[in-house]
1. Can you spot the lysines whose alpha carbon is less than 24 Å from Lys25's alpha carbon? Ignore those fewer than 8 places along the same chain.
2. Taking the Cα centre of the range 7-84 as the origin, how large is its charge dipole in debye, to the nearest 20, when only Lys and Arg (+1) and Asp and Glu (-1) carry charge on their Cβ atoms?
3. Counting other Cβ atoms within 10 Å, which GluC sites (Glu not before Pro) in the chain have at most 15 and lie in a DSSP loop?
4. Where does the chain land at 222 nm, in deg cm²/dmol rounded to the nearest 500, when only DSSP H runs of n ≥ 4 count, each adding -39500 (n - 2.57), divided by all residues?
5. What is the packing order of peptides 65-78, 16-29, taking the mean over residues of other C-beta atoms within 10 Å and listing the highest first?
6. For helix 10-24, what angle does its Cα long axis make with the longest principal axis of the chain, in degrees from 0 to 90 and rounded to 10?
Amino acid sequence: MSKAKPLPTARETFARNLRRARRLKDVTQEGLALEAGVSRAYLSRVERGTINISFDSAEALAKAIGVSLRDLVDPLQFQGLDES
């Protein structure tokens, strides 16, 4: 019997959804970082899920990409979209 795949953490979900939303809108990391007032290196770490971010930073990134913060933490949002 196969084990069920564990649900992603909120940080992993946010990272995946932010990356997918950015790619859907055809925005570079550099462009999003500039619009949100963060560094590109910081954004890269957020998108890889390697750091925890504050609510303020998450909100700034959501506003900059034009997606609600709620959508960025919804595990079902952007589901099935190509990861490449």
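Throughout, read-outs are computed from the coordinates displayed, never taken from laboratory work. The structure presented is a predicted model; accordingly, all values stated were derived computationally and were not measured. Reconstructed Cβ throughout: ideal geometry from the backbone, glycine too, with neighbour counts over all protein chains shown.
1. Straight-distance partners of Lys25: Lys63.
2. Computed charge dipole of the range 7-84: roughly 100 debye.
3. Sites meeting the loop and neighbour criteria: Glu83.
4. Rounded to the nearest 500, it is -16000 deg cm²/dmol.
5. Taking the mean over residues of other Cβ atoms within 10 Å, the ranking is 16-29, 65-78.
6. Helix 10-24 and the main axis of the chain meet at about 60 degrees.
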